[in-house]
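Engineer: Dropping a structure here in C-alpha cells format, bear with me for questions.
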Amino acid sequence: MSKKIIFPLVVFFALAFSSNIVFGQKIYKVKYESQADLKVYVVEYESQCDLKVYHVKYESQASKDGLWFAVKYESQADKKVYFVDYESQADLKIYYVDYESQAGWKNKSKAHLLKF
C-alpha cells in the first residue's frame, strides 16, 4: 500500500475508535456485581457526584459524557454497570439530572472509568 492510502486509513480508525471516549455511553445494568465493568452509586445531592447523568431515549442522543443510553442486551453495551447499595462500594458516584444540558463530569479524575 502506498503512503497516500495508509495515512487516511490510520486517521479514520483513530477517530472512529476514539469517538466513544468523549461521547455518551451505552449502558447495560447487570444483576450481579461480578458481571459488572463498573460499580455505580446514585448520590442524593449533585455536590457528591463524580458524574452528572441524563438518560437519553435514543442511542444517537448519547453525544457527550454523562449521556447514557440503556441497551436491552449486554452485547450492545459499552459498559456493564452494577448499582451498589453503599457509596463506599462504588467506583463511580452519579447524580441524575433533569436536563440533557446538565450532564457531564464533576470529577474528571474518574473519566478513565468510562473509557474503553
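Engineer: May I ask you to verify whether GLU100 is in contact with a Leu (Cβ under 7 Å, 6 or more places away or on another chain) and at pLDDT 90 or above? Reasoning before the result, please.
Structural biologist: Working: in contact with a Leu (Cβ under 7 Å, 6 or more places away or on another chain): yes; at pLDDT 90 or above: yes.
Yes; evaluated as a whole, the condition is true for this residue.
Engineer: Continuing with the same structure: Where residues in segment 103-116 are within 11 Å of GLY24 (Cβ to Cβ) and not in a strand (DSSP E or B), which of them is modelled with the highest pLDDT? Don't jump to the end; show me each part of the working.
Structural biologist: Filtering segment 103-116 for residues within 11 Å of GLY24 (Cβ to Cβ) gives 103-104, 114.
Right, trim to not in a strand (DSSP E or B) and you get 103, 114.
On the way: ALA103: 96, LEU114: 86.
Among them, the one singled out is ALA103.
Engineer: Can you spot a residue in segment 95-114 that is touching a Gly at 6+ places or on another chain (Cβ under 7 Å), farther than 19 Å from GLN35 by Cα, crowded, with 17+ Cβ neighbours inside 10 Å and hydrophobic (A, V, I, L, M, F, W, C)?
Structural biologist: Yes, because at least one residue in segment 95-114 is touching a Gly at 6+ places or on another chain (Cβ under 7 Å), farther than 19 Å from GLN35 by Cα, crowded, with 17+ Cβ neighbours inside 10 Å and hydrophobic (A, V, I, L, M, F, W, C).
For every residue, the table says whether it meets (1) in contact (Cβ under 8 Å) with a residue 60 or more places away in the chain; (2) over 18 Å from HIS112 (Cα atoms).
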position	(1), (2)
VAL42	no, yes
GLU46	yes, yes
TYR54	no, yes
SER63	no, no
ALA70	no, yes
LYS79	no, no
ALA90	no, no
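Engineer: Restricting attention to segment 37-57, which residues are in contact with a strand residue (DSSP E or B) (Cβ under 6 Å, 6 or more places away or on another chain), outside any strand (DSSP E or B) and within 18 Å of LYS26 (Cβ to Cβ)?
Structural biologist: ASP37, VAL56
Engineer: Restricting attention to segment 58-71, and to residues there that are part of a loop (DSSP other than H, G, I, E, B) and touching a strand residue (DSSP E or B) at 6+ places or on another chain (Cβ under 8 Å), which single residue is nearest to ILE94 (Cα to Cα)?
Structural biologist: Our first condition is that a residue be part of a loop (DSSP other than H, G, I, E, B); within segment 58-71, this holds for 58, 62-66, 71.
Among the residues that remain, those that are also touching a strand residue (DSSP E or B) at 6+ places or on another chain (Cβ under 8 Å) are: 58, 62, 64-66, 71.
Details: TYR58: 20, ALA62: 16, LYS64: 15, ASP65: 12, GLY66: 9, VAL71: 18 Å.
Out of the qualifying residues, it is GLY66.
Engineer: A further question on this structure: May I ask you to list the residues in segment 72-90 that are assigned to a helix (DSSP H, G or I) and either surrounded by fewer than 13 Cβ atoms within 10 Å (Cβ to Cβ) or modelled with pLDDT of 95 or more (or both)? Even if it seems obvious, please write down each step before you answer.
Structural biologist: From segment 72-90, those assigned to a helix (DSSP H, G or I) are 74-76, 87-89; that's our starting set.
If the condition is that a residue be assigned to a helix (DSSP H, G or I) and either surrounded by fewer than 13 Cβ atoms within 10 Å (Cβ to Cβ) or modelled with pLDDT of 95 or more (or both), then GLU74, SER75, GLU87, SER88, GLN89 are the ones that fit.
The values are calculated or read from the model by the stated rules, or taken from the named source; none is laboratory data. Since this is a predicted model, take the numbers as computed values, not measurements. We place every Cβ from the backbone using ideal geometry, glycine too, and count neighbours over all the protein chains shown.
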